[in-house]
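Step one of this worksheet: look at the structure below.
None of the figures in this text is laboratory data; all of them are computed from the coordinates on show. Here the structure is a predicted model, which means the values were calculated and not measured. Because the Cβ atoms are built from the backbone with ideal geometry, glycine has one as well, and the counts that use them run over all protein chains shown.
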Ligand code: SF4
């Protein structure tokens, strides 16, 4: 292995818990994914996370409440009103939301996120949030993923029982979205003032984003006080302007996960990757998400039948990556997964889950497993 001295020194600095600079982050992002330096980067981030977490992973879950055209008109999201993709309105009833949240919890999810389009009425969201909170074990963390809000509404969220908020200043905010950047920033200020736990994500990442743009996102996460971060690549959803804009490889995503992990250092309690990726779980991520309902990256009305993964899928992936999932409510961890893995070897997921498994299905047919 021939890791360059410059990279070696940066990685030692990060592992010594010394803040990396903007230029340090740029250097790491510019590494060729096939270079020895890049593999050293993944190894350093992997070591950082395993030391900090004690080798434990987290499975969280998300319920998308509604499929409505959204006036914020984000270019990358199929729900944007201007795309005209959404023809029928869908909304889960409060009982259905509670049922899905409880199903996730029973399956082993540590956290439940409730997600809506930005035009969903906050009062209705809080009423549903209250019912979900009452139905869940107190140790299951409840998180809101909604549009912008001010300080008074941040208090309402907190008083309803939401411990945290997923909020992001996206790539091209105000340019590829119709959200005024100052409004977005005001929401981060409200989150911080009220003491809600901020979950941030470097997203939606496309092949065209430069190292400087990506570093800027990481530094915003620092500025806004994120305690949990993730990286998410942009899905080129048909019918959106990014349909033909390309897709970052999971290998590139893993490299960026590693850099975010090291740049945010001790500020982060946990590091995630979205959507789940085994490669990223070997590069500093240890937190992945199961999903049902609406999903801005998926034309399926219920992403459980499309891109969304189940809690069992996530636990299995954590296990494959060498993380233990000690469920926060106690009880069984993903130590049960080996048997499940044996089953998966014998049965094609395309036939058991009804999911269009594409290449995986074809591959399993080829090897006589389907
Ligand atoms: S990403 Fe969110 S805010 Fe943007 S259009 Fe979609 S639902 Fe609305």
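Using C-alpha pairs under 8 Å with a sequence gap of at least 6, the mean separation divided by the residue count of the chain gives a relative contact order of 20 percent.
Beta bridges assigned by DSSP with both partners in the chain are antiparallel in approximately 5 percent of cases. Post the alpha-carbon centroid distance, the stretch 202-255 to the stretch 64-95, in whole angstrom. Rounded to whole Å, the Cα centres lie 22 Å apart.
Between 228, 85, 191, the residue with the greatest mean-square fluctuation in the GNM of the chain (Cα pairs under 10 Å linked by springs) is 85.
Using 0.36 nm times the number of residues separating residue 39 and residue 21, minus their current alpha carbon distance, what extension gain do you get?
Details: separation 18, 0.36 × 18 = 6.48 nm, distance 2.05 nm.
Once the chain is fully extended between residue 39 and residue 21, it gains 4.4 nm.
Cut-off is 10 Å between beta-carbons; in what order do 90, 286, 83, 167 appear when sorted fewest neighbours first? Going from least to most buried by this count: 90, 83, 167, 286.
Max-minus-min Cα coordinates of the chain on each principal axis give 57, 54, 43 Å, with the largest extent listed first.
Give me 270, 180 ranked fewest to most by other Cβ atoms within 10 Å of their Cβ, as a rough exposure proxy. It would help to have the intermediate numbers written out before the result.
Values: 270 19, 180 12.
Neighbour counts put them in this order, fewest first: 180, 270.
Taking only the C-alpha atoms, wrap a convex hull around the stretch 163-317 and report its volume per residue in Å³ as a whole number. Don't jump to the answer; show the numbers that get you there.
Working: hull volume 18.7 nm³, N = 155.
Considering the Cα atoms of the stretch 163-317, their hull volume per residue is 120 Å³.
Packing order of peptides 61-67, 100-106, highest average first: 61-67, 100-106 (average count of other Cβ atoms within 10 Å over each peptide's residues). Site pair residue 47 and residue 82 shows an inter-label distance of 4.7 nm when each label is modelled 7 Å from Cα along Cα→Cβ. Footprinting exposure proxy ranking of 1, 218, fewest other C-beta atoms within 10 angstrom first, gives 1, 218.
Assuming 0.36 nm per residue, please report the length gained on full extension of the stretch residue 30 to residue 5 beyond their Cα-Cα distance. Please report the intermediate quantities before stating the final value.
Values: separation 25, 0.36 × 25 = 9.00 nm, distance 1.53 nm.
This chain segment gains 7.5 nm when fully extended.
Computed over the chain, the per-residue total of -39500 (n - 2.57) for DSSP H runs of n ≥ 4 gives a 222 nm mean residue ellipticity of -12500 deg cm²/dmol, rounded to 500.
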